[in-house]
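**Q** Here's a structure for you.
Readers should treat all values here as calculations from the given coordinates under stated rules, not as data from a laboratory. It should be emphasised that the depicted structure is a prediction, and the values quoted were computed from it without experimental measurement. Neighbour counts are summed over all protein chains in view; Cβ atoms, including those assigned to glycine, are modelled from backbone coordinates with ideal geometry.
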Amino acid sequence: MLELLLAHLRDKSAERVAARRALAEQELAAELGRLDRYFESILKEQTDPEAVGTVTALAERRRTEEIRRSQVKAVVHPLQLIEADVLIQRAEWRLESAPPRRHHATFSAQRPLGSAGAAPWSMACPQCGRPPALLVICRHDHCACEACSHRCSVCAEDFCADHGIAQCRVDAQAACDEHVRVCPSCRLEHCTAHEGLCTEGDGHPACSACLAPCGNCGRVVCNRHAEQSHAAAPKGSRRLCAACLKYCEGGTKEPVGVDEVAQCASCGKSVCTAHQAVCAVDGQAHCAPHLRRTDKSQRLVCARHRAGCAHEPGALFAVDEVGTCPICARGACESHRAACEHCGRRVCTADLSVESRRCATCAQLAAVSDLPQAVVAAALAATGSGPKPSRRWRMARDRSHLVVELDLGWRQTAVVTLRRGDNVPDGVVKHSPLRLKRRK
Ligand SMILES: [Zn+2]
Ligand SMILES: [Zn+2]
Ligand SMILES: [Zn+2]
Ligand SMILES: [Zn+2]
Ligand SMILES: [Zn+2]
Ligand SMILES: [Zn+2]
Ligand SMILES: [Zn+2]
Ligand SMILES: [Zn+2]
């Protein structure tokens, strides 16, 4: 009859224990899942191997802690169930921590009182349920066993697992809840002794492991507010604060330092020194794709400073390598221009006679007698002659000049080129059979 009753009780409690165990396992699985997701999201943000190691170790520790806690719960409950109908003696102690710590806690224990006398006291840590070798009073006035307690590395107060952290993310030392902070950059917990200030915006605290100076301005910023410049950047990969970070618009929009970029003189965009080149004419930095190499001199020129020679279609020149022919007004390079031996102007080879070495305008000089007074005055002033009228005047005109030839007497002539419109002299060449011709 007794055996039957016991067997029934055992069956009944086994069922309940199994149910509780199943519930505990379910809760454990949910908690582990939450932990895994949390650390996974943090791991994703870590780039250097050291940080990945720190976070992985932290995740492993939290998992072990959680598994241990849930195991304990499964062991305690069957004991209570089996002893449910036994007379129990319960005792309570008031504990006080030694000065200078002034914290209090109550600890209770119980023992069954059977016909054979009192059984040993059953003592359990209120945190983990294991028999405590030592009791530690938490700064929040309750106690826990040594394994469930820590001493804060900042204030040296004792605390239980619920009121602080076992390890600061920086030095792995314990910190009580008053001295624990969560870093907004790495989202891990650290103690107040390892807290610093990120200077971005109005500033915010962060753990010291996440803080480092900007590689350009030296301002201390957290990992979340810093960006690494590209390895191919002119000064290599550097940690940069938001103010010192630029994107090279002349390259692949790669992050580079503000000290590595210039404004393109062609398009106005920021371009790093690796993706820019200097125009040989304006001396300014441009995005490399805006520049072309000239065909003969191989100089780099931007779109604004390119020119062509009318006698070499397709060949690329810099604007300072090409001159405008005063007769046809077309551009010609140095090798397609030459000076007229009569008027001294540099004209294009198409407008210069090979035999006479004279330009097309000088070949058309014709005698005139009714020159405008302004032209006569300008020509005389240019040659330095007196106001006496010259014996013989010849003249021709082209797109840019009025070419005037005047007889200076003693078989000397002067050729004056006056700019069309304002009669300003552009050049004077004196010809004499005795002396070499001279250009002024
Ligand atoms: Zn506590
Ligand atoms: Zn941090
Ligand atoms: Zn710390
Ligand atoms: Zn920051
Ligand atoms: Zn670039
Ligand atoms: Zn550009
Ligand atoms: Zn020409
Ligand atoms: Zn000429």
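**Q** For region 103-118, take each phi angle, set θ = phi - 60°, evaluate the Karplus expression 6.51 cos²θ - 1.76 cosθ + 1.60, and give the result in whole Hz per residue in order, putting x for glycine and proline.
**A** Per-residue couplings from phi come out as 10, 10, 7, 10, 10, 10, 9, 9, 8, x, 9, x, 5, 8, x, 7 Hz.
**Q** Please list the non-local residues whose amide H lies under 5 Å from the amide H of His311, H modeled 1.01 Å from N, same-chain partners needing a gap of 5 or more.
**A** Cys333
**Q** OK, next. How would you classify the chain from its alpha-carbon gyration tensor, with a ≥ b ≥ c the square roots of the eigenvalues: rounded for a/c under 1.5, else prolate if a/b is greater than b/c, otherwise oblate? Walk me through the numbers on the way to the answer.
**A** Details: a/c = 8.19, a/b = 4.75, b/c = 1.72.
Since a/c reaches 1.5 and a/b is larger than b/c, the shape of the chain is classed as prolate.
**Q** Can you find, among Ala360, His194, Ala226, the residue farthest towards the positive end of the dipole of the chain? Put +1 on the C-beta of Lys and Arg, -1 on that of Asp and Glu.
**A** Ala360
**Q** Assigning unit charges at the beta carbon (Lys, Arg +1; Asp, Glu -1) and nothing else, what dipole magnitude in debye, to the nearest 20, does the chain show about its Cα centre? Present the calculation step by step, with values, prior to reporting the outcome.
**A** Numbers: 60 positive and 50 negative charges, 768 e Å.
I would put it at about 3680 debye.
**Q** Under the rule of at least 5 residues apart or a separate chain, name every residue whose amide H is placed under 5 Å from the amide H of Cys198.
**A** His204, Ala206
**Q** How much length is gained if the chain between Ser353 and Glu31 is pulled fully straight, taking 0.36 nm per residue apart and subtracting their Cα-Cα distance, in nm to one decimal?
**A** Details: separation 322, 0.36 × 322 = 115.92 nm, distance 9.85 nm.
Here the segment from Ser353 to Glu31 would lengthen by 106.1 nm.
**Q** Then there is this: Quick one: Karplus J couplings for region 359-368, per residue in order, coefficients 6.51, -1.76, 1.60, θ = phi - 60°, nearest Hz, x for Gly and Pro?
**A** Per-residue couplings from phi come out as 7, 4, 6, 5, 6, 9, 4, 9, 5, 9 Hz.
**Q** Apply the Karplus curve 6.51 cos²θ - 1.76 cosθ + 1.60, θ = phi - 60°, to the phi angles in region 26-32 and return the couplings in whole Hz, x for Gly and Pro.
**A** Whole-Hz 3J(HN,Hα) from phi for region 26-32: 4, 5, 4, 4, 5, 5, 5.
**Q** Roughly how many debye, to the nearest 20, is the charge dipole of region 192-259 about its Cα centre, given +1 on each Lys and Arg Cβ, -1 on each Asp and Glu Cβ, and no other charges? Provide the component values of the computation, followed by the final result.
**A** Values: 7 positive and 7 negative charges, 37 e Å.
About 180 debye.
**Q** Given points 7 Å out from each Cα along the Cα-Cβ axis, report the Tyr38 to Ala303 separation in nanometres with one decimal.
**A** Each label point is offset 7 Å from its Cα along the Cβ direction, giving 5.7 nm.
**Q** Just name one of Phe317, Cys328, Thr349: the one whose Cα is farthest towards the positive end of the charge dipole of region 291-361 (beta-carbon charges, Lys/Arg +1, Asp/Glu -1).
**A** Phe317
**Q** Right, something else. Can you list the residues, at least 5 places off or on another chain, whose amide H is less than 5 Å from the amide H of Val322, using H built in the peptide plane?
**A** none
**Q** Ok, one more. Of the candidates Ala277, Ala29, Ala116, which one comes out as most mobile in a Gaussian network treatment of the chain with C-alpha springs shorter than 10 Å?
**A** Ala116
**Q** For region 340-424, which trypsin sites (Lys or Arg not before Pro) are both in a DSSP coil and crowded by at most 10 other Cβ atoms within 10 Å? Before the final figure, lay out the partial values.
**A** Values: sites: Arg345, Arg346, Arg357, Arg358, Arg391, Arg392, Arg394, Arg397, Arg399, Arg411, Arg419, Arg420; in loops: Arg345, Arg357, Arg358, Arg391, Arg392, Arg399, Arg411, Arg420.
Filter output for region 340-424: Arg391, Arg411.
**Q** Please get the size of the charge dipole for region 118-216, origin at its Cα centre, with Cβ charges of +1 on Lys and Arg and -1 on Asp and Glu, quoted in debye to the nearest 20.
**A** Numbers: 6 positive and 12 negative charges, 59 e Å.
I would put it at about 280 debye.
**Q** Could I ask something else about it? Taking the Cα centroid of region 288-314 and of region 23-59, what is the distance between the two, rounded to the nearest whole Å?
**A** Answer, in whole Å: 61.
**Q** Please give every one of the aspartates and glutamates within straight-line cross-link reach of Lys235, meaning a C-alpha to C-alpha distance under 12 Å, and leave out same-chain neighbours fewer than 8 residues apart.
**A** Answer for Lys235, where 12 Å is the Cα cut-off: Asp259, Glu260, listed by chain and number.
**Q** When the expected Rg is taken as 2.2 N^0.38 Å, what fraction or multiple of it is the alpha-carbon Rg of region 291-361? Can you show the working numbers first?
**A** On the way: Rg = 13.1 Å, N = 71, 2.2 N^0.38 = 11.1 Å.
Normalised Rg, Cα atoms only: 1.18.
**Q** For the residue pair Trp410 and Glu15, what label-to-label distance in nm results when each label sits 7 Å from Cα along the Cα-to-beta-carbon direction?
**A** 14.4 nm
**Q** Run lengths n ≥ 4 of DSSP H only: what is the helix-derived mean residue ellipticity at 222 nm for the chain, with -39500 (n - 2.57) per run over all residues, to the nearest 500? Don't skip to the answer; put the middle values down first.
**A** Details: 3 runs with 89 residues, N = 440.
Per the formula, -7500 deg cm²/dmol.
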